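What follows is a set of notes on a single structure, which appears directly below.
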Amino acid sequence: MENLLTKTYVFILIAGIGGLVKYLKGANFSFQGLLIRVSSSAFTGWIIGLMSLHFQLSIEMSCALCGICGYLGADTTISLLEKFIKKKIEWTY
């Protein structure tokens, strides 16, 4: 369990850094915006990290996905996940 907890912390940290980098590229700075961006990116990275563990991806690939999804942000990542899940379960309306 300790190994899982350590991996989870790493996923959250890497995704948070991705969100931070994306936020700092923007022009307007506010502490509230920074906090929202980093926390939503960290949450998204946590979800992606857990999914990557479920699909038994390597730790390197898992960390890369967490960083990329943290950079993309929660909205974009959730949109991509929706498409992936709908395709997996063959969603029909």
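The values are calculated or read from the model by the stated rules, or taken from the named source; none is laboratory data. Treat the numbers as computed from the prediction; the structure is a model and nothing was measured. As a convention, Cβ positions derive from the backbone with ideal geometry for all residues, glycine included, and neighbour counts pool all protein chains shown. Note: accessible area is taken over every heavy atom of the protein model, side chains too, but ligands, DNA and RNA are not part of it. Shrake-Rupley method; radii C 1.70, N 1.55, O 1.52, S 1.80 Å.
Numerical summary
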item	result
Computed label-point distance, nm, for sites LYS86 and PHE31 using a 7 Å Cα→Cβ extension	4.0
Relative contact order (%) - criterion: Cα under 8 Å, at least six apart; region: the chain	37
Hydrodynamic radius (Kirkwood) for the range 24-93, which is based on Cα pairs only, to one decimal in Å	13.2
Residues with amide H under 5 Å from that of GLY73, placed H, sequence gap 5 or more	none
Protein-only accessible surface order, largest first, of PHE11, PHE31, PHE55 at 1.4 Å	PHE31, PHE55, PHE11
Point-charge dipole on Cβ atoms (K/R +1, D/E -1) for the range 52-93, about Cα centre, debye to 20	140
